[in-house]
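Student: This structure is in structure tokens; I'll ask about it shortly.
Any read-out appearing in this document is the output of simple, stated calculations on the displayed coordinates, not a laboratory observation. This one's a predicted model, so the numbers in the text were calculated from it and none came from an experiment. Here the Cβ positions follow ideal geometry from the backbone for every residue, glycine too, while neighbour counts run over all protein chains shown.
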Amino acid sequence: MSSKGFAPLILIIIIAAAIGIGVGGYVLTQKIRKTDVPKIGQQNVFTPTALPEKESQPPTEQNTKPQKQSGASIEQEVQPKEISKKAGVTSPQAQSSRQSSGAADANCAANAPTIELTADITDVSRILRITAPGTPTGDQDIVKSHSFIWTDGSLVPVYAPIDAVLDSGAFYTEAGRNQYTAWFRSLNYCGYRFKFDHIHQVTDAIKNALNRVPQEGTKGNMATAEVVFRAGEKIGETTGNTSSNNWDFGFYNFNVPGPLYQLKTHDTVRHAVCWVDYYAAEKKGRYRALLEGPKSVCSF
């Protein structure tokens, strides 16, 4: 075969190879497209890795600041460390010795010395008479545990008879007049408490430690600050209640049963004592000369 005869054959082979390469490339391209692009409604085979969760943040000043507690703890927080002496002072000793109730524990009851009242509860020369504790109320088992101090409606001072701590009380309205009842516990002798009622003016320290808005009724509220009064310090002033111009003072010994203990009444009444007997002879004589009324608690 001559060289002229080979020329057409070579040309045909080249054309056939080109066509084969083109067809192969087209088929490969279609196969790749069918793999990469899903049909409508068909989930892609590739699923991205889930994003990492947000890292926890260090606490900020805002979310680490302690929250104020409601009630007494908030009031205590804003109480001044000291109050003027006549108004009483907040005492760390009183804070640590606070009891949850008036009752003394067994150790206290077994070892409690007899307390002595050292200061007058008011200007004694202004007292007309004193109704002894134990006044009946119409129910044979319910009596008044406190004395009525008759001062004929004149404005008189009220003093702490011993070193004491404000324990509870209430600012309330009776017969259209705002007034206070206040309970105190002895600072130096466990188990002893005393109360005043129908007191019209009290020190700022007491006002700040009790409810600010007058309530209905005399139900007591725990004091939000423990305010110390020394014997003879002024607690307040009063003209007595509206109906009879007298005011209340009661003294209680929770270490032992009192004269009214046999009555079916609440615990406070059963520990009422004849408070005039807790004074030394001279003061005791002056108070006893003013006693009148029932003799279930005091003998005179």
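Student: Starting with the highest mean, order 147-156, 227-236, 274-283 by the number of other Cβ atoms within 10 Å, averaged over the residues of each peptide.
Tutor: 227-236, 147-156, 274-283
Student: Okay, next question. Please report how far the C-alpha centroid of region 143-216 lies from that of region 241-257, rounded to the nearest whole angstrom.
Tutor: The two parts, judged by their Cα centres, are 10 Å apart.
Student: Please state the Cα pair-distance histogram of region 86-292 with 10 angstrom bins from zero: what percent is in each bin?
Tutor: Pairs per bin, as whole percents: 9, 36, 41, 15, 1.
Student: OK, next. For H266 and T114, calculate 0.36 nm times their separation in residues minus their Cα-Cα distance, and state this gained length in nm to one decimal. Write out the running numbers ahead of the final one.
Tutor: Working: separation 152, 0.36 × 152 = 54.72 nm, distance 2.37 nm.
Contour length minus the Cα-Cα distance gives 52.3 nm.
Student: Right, next: Suppose we look only past 21 Å in the calculated P(r) of region 169-243. What percent of the Cα-Cα pairs does that tail hold?
Tutor: For region 169-243, the share of Cα pairs beyond 21 Å comes to 23 percent.
Student: With a point put 7 Å past each Cα toward its Cβ, work out how far T135 is from K207 in nm, to one decimal.
Tutor: 2.9
Student: Treating only the Cβ of Lys, Arg, Asp and Glu as charged (+1, +1, -1, -1), what charge dipole size does region 86-292 show about its Cα centre? Round to the nearest 20 debye.
Tutor: Values: 20 positive and 21 negative charges, 22 e Å.
Result for region 86-292 is approximately 100 debye, rounded to the nearest 20.
Student: Spin-label point model (7 Å from Cα, Cβ direction): what's the S154 to V256 distance in nm?
Tutor: 3.7
Student: Let me ask another. Using Stokes-Einstein with the Kirkwood hydrodynamic radius over Cα pairs, what translational diffusion coefficient do you get for region 119-236 at 10 °C and a viscosity of 1.306 mPa s, in µm²/s rounded to a whole number?
Tutor: Rounded to a whole number, D works out at 105 µm²/s.
Student: May I pose another question? Count the DSSP beta bridges whose two residues both fall in region 86-292, then state the antiparallel fraction as a percent rounded to the nearest 5. Provide the component values of the computation, followed by the final result.
Tutor: Values: 44 of 49 bridges.
Of all bridge pairs located within region 86-292, approximately 90 percent are antiparallel.
Student: Contour minus end-to-end for V124 and K284, with contour as 0.36 nm per residue of separation and end-to-end as the Cα-Cα distance?
Tutor: Fully extending the segment from V124 to K284 adds 56.5 nm.
Student: Neighbour counts of other C-beta atoms within 10 Å: give me F194, F249, F184, F300 arranged from fewest to most.
Tutor: Final ranking by Cβ density, sparse to dense: F300, F249, F194, F184.
Student: Could you count how many Lys pairs in region 154-300 have their Cα atoms under 17 Å apart, skipping same-chain pairs fewer than 8 positions apart?
Tutor: Working: K195/K207; K195/K219; K195/K234; K207/K219; K207/K234; K284/K295.
Lysine pairs satisfying the spacing and distance rule in region 154-300 number 6.
Student: Same structure again: Would you mind calculating the gained length between E237 and N178 on full extension (0.36 nm times residue separation, minus the Cα-Cα distance), in nm to one decimal? Don't jump to the answer; show the numbers that get you there.
Tutor: Numbers: separation 59, 0.36 × 59 = 21.24 nm, distance 1.29 nm.
That works out to 20.0 nm of additional length.
Student: Another question, if that's okay. Take region 234-288, compute every pairwise Cα distance, and split them into 5 Å bins from 0; I just need the percent in each bin.
Tutor: Histogramming region 234-288 at 5 Å steps yields 4, 16, 17, 16, 22, 18, 6, 0 percent.
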